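What follows is one structure encoded as structure tokens, with my remarks underneath.
The values are calculated or read from the model by the stated rules, or taken from the named source; none is laboratory data. Keep in mind that this is a model prediction, so the values were computed, not measured. Every residue, glycine among them, receives a Cβ derived from its backbone with ideal geometry; neighbour counts consider all protein chains shown. SASA here: full protein model, heavy atoms, side chains in, ligands and nucleic acids out. Shrake-Rupley method; radii C 1.70, N 1.55, O 1.52, S 1.80 Å.
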Amino acid sequence: MRKKIVAGNWKMNLNYSEASELIDGLNNYDNKSVELLIFPPALYLDLAQSKKGNLGLGAQNIYPADKGAFTGEISPWQLKEMGIEYCLVGHSERRSILGESNSFLKEKVDALINNGLKVVFCCGELKEERESGNQNAVVEQQLKESLFHLSETQMESVIIAYEPVWAIGTGLTASADQAEEMHAYIRSLLASKYSDHTSENTSILYGGSCKPENAKELFSKENVDGGLIGGAALKADSFLAIANSF
Ligand code: 13P
């Protein structure tokens, strides 16, 4: 059976002591049925690694090379050596603000998988793409151009996060039915590209203004296996409340 996962993307938030306090507020987490992952800024990965308890830990970004002259970047090889297990790829903020293309994201996916890390691959449409009814085509293209070159075995290291861009940080949430519809579509793409087994076993998370007030309804849907949480992951009580919403 696929895993239920609630992941916190801290983005570029919190100073060192706030980050430390938040990890302390989460590291006694012991709900065995839902995995809790955190994605702190890279600066705090070492701190988080040293006191994360049962939390899973991931980086928000990598550059797709093991080492070299890439000033300011961090590598999957460095993360692996530190025991970091996960990395986000394809977040809409990196697509839109940093100009990352589907083909560059494919390189990141490969660099991570080749180093044995797990990928949380983010996809999702813009507001105007949903308004024109193109959301399925957009998500399909993102998956095909960055992810679907992987082998079926490599896909076991991938979690998909559907994050409609119009719902991120806006207070607008996709309705539970809109989320379910897209998750079921993604699952159908996995079934036709790979197999029913891969489709059934890949966790698909929802992200975009997910909070304690709406998590229960979203997570009640058959194809929603958890959430990728931004703002509501910055406080231990709201993040834990979301994890306890299944
Ligand atoms: P918010 O939960 O703040 O909308 O952010 C979602 C997100 O981008 C998680 O990666």
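When you scan segment 112-136, how many residues do you find that are among the aliphatic types (A, V, I, L, M) and more than 20 Å from THR202 (Cα to Cα)? Outline the logic, then answer.
Of segment 112-136, the ones among the aliphatic types (A, V, I, L, M) are 112-113, 117, 119-120, 126.
From the residues that got through so far, the ones that are more than 20 Å from THR202 (Cα to Cα) too are 126.
So the answer is 1.
Checked against (1) more than 24 Å from GLY227 (Cβ to Cβ); (2) part of a strand (DSSP E or B), GLY133 passes all but condition (2). Please go through segment 229-246 and give me each residue that is surrounded by 23 or more Cβ atoms within 10 Å (Cβ to Cβ) and under 14 Å from ASN31 (Cα atoms), ordered by number. Across segment 229-246, the qualifying residues are PHE239, ILE242, ALA243. Sub-7 Å Cβ pairs linking a first residue in segment 2-20 that is among the polar types (S, T, N, Q) to a second residue that is more than 16 Å from the ligand (Cβ to nearest atom), at least 6 apart or interchain, are SER20/LEU47, ordered by first then second residue.
Restricting attention to segment 211-228, does a residue exist that is within 14 Å of the ligand (Cβ to nearest atom), open to solvent by 50 Å² or more (accessible area, probe 1.4 Å) and within 15 Å of the chain's Cα centre (by Cα)? Among the residues of segment 211-228, not one is within 14 Å of the ligand (Cβ to nearest atom), open to solvent by 50 Å² or more (accessible area, probe 1.4 Å) and within 15 Å of the chain's Cα centre (by Cα), which makes the answer no.
Does LEU150 qualify as being aliphatic (A, V, I, L, M), in contact with a strand residue (DSSP E or B) (Cβ under 9 Å, 6 or more places away or on another chain), assigned to a loop (DSSP other than H, G, I, E, B) and modelled with pLDDT of 95 or more? Before the answer, list the steps.
Details: aliphatic (A, V, I, L, M): yes; in contact with a strand residue (DSSP E or B) (Cβ under 9 Å, 6 or more places away or on another chain): yes; assigned to a loop (DSSP other than H, G, I, E, B): yes; modelled with pLDDT of 95 or more: yes.
Yes; evaluated as a whole, the condition is true for this residue.
Which helices (runs of 4 or more DSSP H) does segment 1-119 wholly contain that include 3 or more residues that are of a type in the set (D, E, K, R) and touching a Pro at 6+ places or on another chain (Cβ under 8 Å)?
Here the list reads 102-114.
Limited to segment 169-190, what total is found for residues that are open to solvent by 30 Å² or more (accessible area, probe 1.4 Å) and aliphatic (A, V, I, L, M)? Count: 2.
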